[in-house]
1. May I ask you to list the lysines whose Cα is less than 27 Å away from that of Lys236, ignoring any residue fewer than eight positions away on the same chain?
2. Taking the square root of 5 times each eigenvalue of the Cα gyration tensor, what semi-axes in Å does the equivalent ellipsoid of the chain have, largest first?
3. So how much accessible area does Thr38 have, in Å² to the nearest 10, using a 1.4 Å probe?
4. Take the alpha carbon gyration tensor of segment 38-195, find the square roots of its eigenvalues, order them as a ≥ b ≥ c, and report rounded if a/c is under 1.5; if not, report prolate when a/b exceeds b/c, else oblate.
5. With every protein chain left in place, what is the accessible area per residue of the chain in square angstrom, probe 1.4 Å?
6. Looking at the chain, which longest stretch skips every one of the GluC sites (Glu not before Pro) that is in a DSSP loop with at most 12 other Cβ atoms within 10 Å, leaving the sites themselves out?
7. Is segment 234-298 rounded, prolate or oblate when judged by the Cα gyration tensor, a ≥ b ≥ c being the square roots of its eigenvalues, rounded requiring a/c under 1.5 and prolate requiring a/b larger than b/c?
8. 222 nm [θ] for the chain, helices only, -39500 (n - 2.57) per DSSP H run of 4+, per residue, to 500?
Amino acid sequence: MRIAVLGAGSLGTIVGAYLAAGGMDVELIDAYKAHVDTLNQIGAKVVGTTEFQAKVKAIIPEHKSGKYDLVLLLTKQLYNDSVLKELLPFLRDDSVVCSLQNGIPEKNVASIVGEERVIAGSVEFGATFIEPGVSSLTTEYTQFKKYAFQIGKLNGEVTERIQRIKSVLDLVGGTHISDNLVGTKWSKLLINNAFSGLSAALNGAYGDILDNEISIVCAVHIADETIKIGHSNGVKFAKMGGFDIESLELRRENDIPERVQTFRVVMEPSRLLKASMLQDLEKKRKTEIDYINGVVPKMAEGTGISTPFNDLVVAHVKSAEESQTVPDFDTNLKAFKELLNIQ
């Protein structure tokens, strides 16, 4: 099986390293030439909650050749149209494109490469790009090896092809097949909204969000908004790492302390993670905020459900994009405090 990791950034570097070490025929494809050169010269190095290094083959997108049997899609959704159209000549009729992107991009991916080729997935570990050739695993190693991915077909069918892809991804970390992939993607969206969104909007790691009494309550409200909008669109949220995501919904105001405590337990293994959107802001790049927190207010249109916490995250991140600055935690926290009506 010939595999491409399309988008060999923080996550893709780790995925490619473990697949190569597992004996797979894999190419890491990335536009950052210095990164590609380093990967070829000294290999892919994983640091953080583990130490690991593997020899890999890396190329820039212009050097793609032949046909790929499996493409692990890890580019940002911002570039999907161009990236996927360029990929088409390198796919067979029975090739698989496994979307491991944030958000819910599968319909768009399928519209370009064909629905029969698409398998959706959810990445359940975090990573931070350190420097060319080096990526930091920010999820506890034991958690990573137990829950790294969920994959599945959008119709819930479990096929032999799904089983083959699971066996490939198991070389990286624990991979679970979901018969509710839409629910899986929404569950991952919820975590991204609550923590990646706030990480970017406030400028902090997940641990900073967990430790601050204002931001953690805001994370609870962001999760609640996401659940309510998902339910209004017929979504049944899937469990993540064995945890019932739907249990985070607020049914009454005094549920908040319990939800705060739940988040602090569930998200503790990811406290070192810094959102890729924050890393984008640091590099003065456009973020995926419209495809993450921005999904909730867009899908809330016509439902009568308000989404003020997701709206505020989007506003702060877009402001930082426009000014090409990184948010200040204490300054932006004031707006969230006002939203909570805390004096």
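The values are calculated or read from the model by the stated rules, or taken from the named source; none is laboratory data. Just so you know, these numbers come straight off a predicted model, no measurement behind them. Positions of Cβ are generated from backbone atoms using ideal geometry, with glycine treated the same way; all protein chains shown enter the neighbour counts. These accessible areas exclude ligands, DNA and RNA; they are computed on the full protein's heavy atoms, side chains included. Shrake-Rupley method; radii C 1.70, N 1.55, O 1.52, S 1.80 Å.
1. Qualifying lysines at Cα under 27 Å: Lys76, Lys107, Lys145, Lys146, Lys153, Lys166, Lys185, Lys188, Lys228, Lys298.
2. Working: eigenvalues 204, 97, 71 Å².
That gives 32, 22, 19 Å for the three semi-axes.
3. 30
4. On the way: a/c = 1.57, a/b = 1.13, b/c = 1.39.
Taking the square roots of the gyration eigenvalues as a ≥ b ≥ c, segment 38-195 is oblate.
5. Numbers: 14250 Å² over 343 residues.
Accessible area per residue, the chain: 42 Å².
6. On the way: sites that count: Glu51, Glu157, Glu301.
It runs 158-300.
7. Values: a/c = 2.09, a/b = 1.54, b/c = 1.36.
Because a/c hits 1.5 or more and a/b exceeds b/c, segment 234-298 counts as prolate.
8. On the way: 15 runs with 148 residues, N = 343.
Value at 222 nm, helices only, nearest 500: -12500 deg cm²/dmol.
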